[in-house]
1. So for region 479-491 (the condition being open to solvent by less than 10 Å² (accessible area, probe 1.4 Å) and within 16 Å of the ligand (Cβ to nearest atom)), does at least one residue qualify?
2. What strands (runs of 3 or more DSSP E) completely inside region 174-272 contain at least 1 residues that are within 15 Å of the ligand (Cβ to nearest atom) and basic (Lys, Arg)?
3. Considering (1) open to solvent by 10 Å² or more (accessible area, probe 1.4 Å); (2) under 24 Å from Val90 (Cα atoms); (3) not small (Gly, Ala, Ser), say which one Thr150 fails and leave the rest.
4. Can you tell me how many residues in region 546-564 are in a strand (DSSP E or B), open to solvent by 10 Å² or more (accessible area, probe 1.4 Å) and under 18 Å from Val503 (Cα atoms)?
5. Being of a type outside the set (Ser, Thr, Tyr) and surrounded by fewer than 24 Cβ atoms within 10 Å (Cβ to Cβ) is the filter here, so list the residues in region 288-301 that pass it.
6. Which residues, counting only those in region 357-369, are out of contact with any Lys or Arg (no Cβ under 7 Å at 6 or more places or on another chain) and open to solvent by 10 Å² or more (accessible area, probe 1.4 Å)?
7. Output yes when any residue across region 534-545 is over 23 Å from Asp367 (Cβ atoms) and part of a strand (DSSP E or B), and no when none is.
Amino acid sequence: MLSKFRRIVVVVLLLSCAVLNAQNRAKTVDAGGHAWWQHAVFYEVYPRSFADSNNDGVGDMNGIASKLDYLKDLGVDAIWITPCFPSPQVDFGYDVSNYEDIDPMYGTLADFENLAREAKKRGIHIILDFVPNHTSDQHPWFVDSKSSRTSAHRDWYIWRDGKVPGQPPNNWTSTFGGSAWKFDPATNQYYYHYFYAQQPDLNWRNPAVEKTMFDITRWWYKRGVSGFRLDAVDILFEDPNLKDNPVTGGRNAYGDAYQEHKYNTKLPEVHQALRGLRKVADEYNAVLIGETWTKDIAELNLYYGKGNNELQLPMDFLFTTVNKLSPAEFRKQIAAINSASGWPTFVISNHDIARSYDRYGDGQHNDDIAKLMASLYLTLRGTPILYYGEELGMKTTVPTRREDVKDPIGRSGWPKEKGRDGERTPMQWDESVNAGFSKTTPWLPVPPSAKTHNVADESKDPNSILSFYKKLLKLRHTNKELLDGNYLPLNQSDQKVLSYLRVYQDQAVLVALNMSGTPQRVNFELKRNGFASARALAATGKSSSQGDFVTLDPYGVFIGQLER
Ligand code: NOJ
């Protein structure tokens, strides 16, 4: 089993050392050469839905602060808070009207500072969500920009004449439906918006915009922020000639013809902007996480930048495209990300992607499958980003009536597109009314499963999903192989069990994940490879190891330290 991989281990080890060295040049690193964010476990908090301290139905800063002990105990090192800046909330915060404050619905700047202080005391970093591509149409910059063709901020946004009177400048469509151009009768021009019309795109070709955006990140770094998740980075620039996008056939949920976003996404200029943001981040030893929707690893590599001078953690969403428990598919994606030019980042769900509990669950073994998926993304080489509630087995609660939908795309795209409310429901703290999230009816409904899947009950149950997450996260923080070891796939033709080693120096941890609904017994030929046994570090149900073999329950997990 191991012999045939030995040479690969050496090559992989050398290659990853080279990558790490490049990444860490002149950075604060630990004795093993790792930057803080490489060993950190990140946790995404959707502030509207995490904890409501003032009982108005919407979560807030003080709510998050009150749950820091929970996060610490879970094993979280950094929290990414999705946009909490003043905003009309058309896109629930991704329409920012002031980048240097906190929305009153979430509290005050002082509340944020308190949160940052309390987090720091517990060794938890705060990552904010920076929205560089667009602002709210209520942002004073846009209000001024719109006021006249000669206003000071006119060129901060993208204004153009129609192709002919009454027709937008080109065929670009908004990803949220309809034309990406909105006509302004007062100045007789159109402005460009990749998302909602209330989210006009900034003009990154204007140096004043670039400088201002860089300065905003600095402003937050000075307030103790350890980095940013960068929203929609691949769309910062558009073709200046506004060429029409090629139409590819068929229609989307909003009735628009599908088009290849050739001239308004992924332009090479994006990388210059990212290098600029990175330069500022490096002044503060901060990390940049990217919302990077890439078609393959070659494209993802562009976001790490040459010599890793752009994003340290571009998210590998290719991993989330595997929507079934397929060892072959996961093997392919894991191998791909391990060949990338930077440190991998794993997510399995977020505020735009349905929860993993339903995506992978078969309706019968969902809790086991939740532990299986946790075992996968928390034992791979790279930085995991947990989405709040995944550690409980929260389910996606899709609205059943159009009139209940809060996310505007769910209303305009109904019934094909039901929006993202389903994955944004309140955190389930206990089995009381509103799952202990709020004393008032929350902004989104709590599903009945909160009665069984909540922090209070799962904390008491040693077999709960939460207890398993805690166990895995503890392991991740203490086991050198899981932290720094290379990934070595095993039994690559096995259709049911995904297995691999994490190898560090002469030590190895074996991970075996049964992705099928039938029990499995796998021969890992431990003795032939110089190991006497695999000592269980974490396992589900009756899954265990005896001699050369690992026996796995349906959807069972076995993680073991190989011993000589
Ligand atoms: C990506 C964010 O994750 C999503 O929630 C938002 O709607 C768009 N960017 C627009 O900012």
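1. Within region 479-491, none of the residues are open to solvent by less than 10 Å² (accessible area, probe 1.4 Å) and within 16 Å of the ligand (Cβ to nearest atom).
2. Values: elements: 181-184, 189-192, 227-230, 247-251, 257-259.
Hits in region 174-272: 227-230.
3. Only one criterion is unmet by Thr150, namely (2).
4. Applying the first criterion (in a strand (DSSP E or B)) to region 546-564 yields 546, 549-552, 557-563.
Now narrow it down to the ones that are open to solvent by 10 Å² or more (accessible area, probe 1.4 Å): 546, 549, 551, 561, 563.
With the extra rule that they be under 18 Å from Val503 (Cα atoms), the set shrinks to 561, 563.
Of the residues in region 546-564, 2 are in a strand (DSSP E or B), open to solvent by 10 Å² or more (accessible area, probe 1.4 Å) and under 18 Å from Val503 (Cα atoms).
5. Once the filter is applied, which keeps residues that are of a type outside the set (Ser, Thr, Tyr) and surrounded by fewer than 24 Cβ atoms within 10 Å (Cβ to Cβ), region 288-301 yields Glu291, Trp293, Lys295, Asp296, Ile297, Ala298, Glu299, Asn301.
6. To start, the set of residues in region 357-369 that are out of contact with any Lys or Arg (no Cβ under 7 Å at 6 or more places or on another chain) comprises 359-369.
Residues satisfying the conditions are Arg359, Tyr360, Gly361, Asp362, Gly363, Gln364, His365, Asn366, Asp367, Asp368.
7. As a first pass, look at region 534-545 and keep what is over 23 Å from Asp367 (Cβ atoms): 534-535.
Those still in the list that are part of a strand (DSSP E or B) too: 534-535.
Looking through region 534-545, at least one residue is over 23 Å from Asp367 (Cβ atoms) and part of a strand (DSSP E or B).
Results for (1) within 29 Å of Ile124 (Cα to Cα); (2) not acidic (Asp, Glu), shown as yes or no for each residue.
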site: Phe195; (1), (2): no, yes
site: Ala208; (1), (2): no, yes
site: Thr217; (1), (2): yes, yes
site: Gly224; (1), (2): yes, yes
site: Asp234; (1), (2): yes, no
site: Pro240; (1), (2): no, yes
site: Pro246; (1), (2): no, yes
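The values are calculated or read from the model by the stated rules, or taken from the named source; none is laboratory data. In this text the structure is predicted, and so the values were computed from the model without any measurement. Cβ coordinates were reconstructed from backbone atoms using ideal geometry, including for glycine residues, and neighbour counts include every protein chain displayed. Just so you know, the surface numbers come from the protein's heavy atoms only, side chains and all, with ligands and any DNA or RNA stripped out. Shrake-Rupley method; radii C 1.70, N 1.55, O 1.52, S 1.80 Å.
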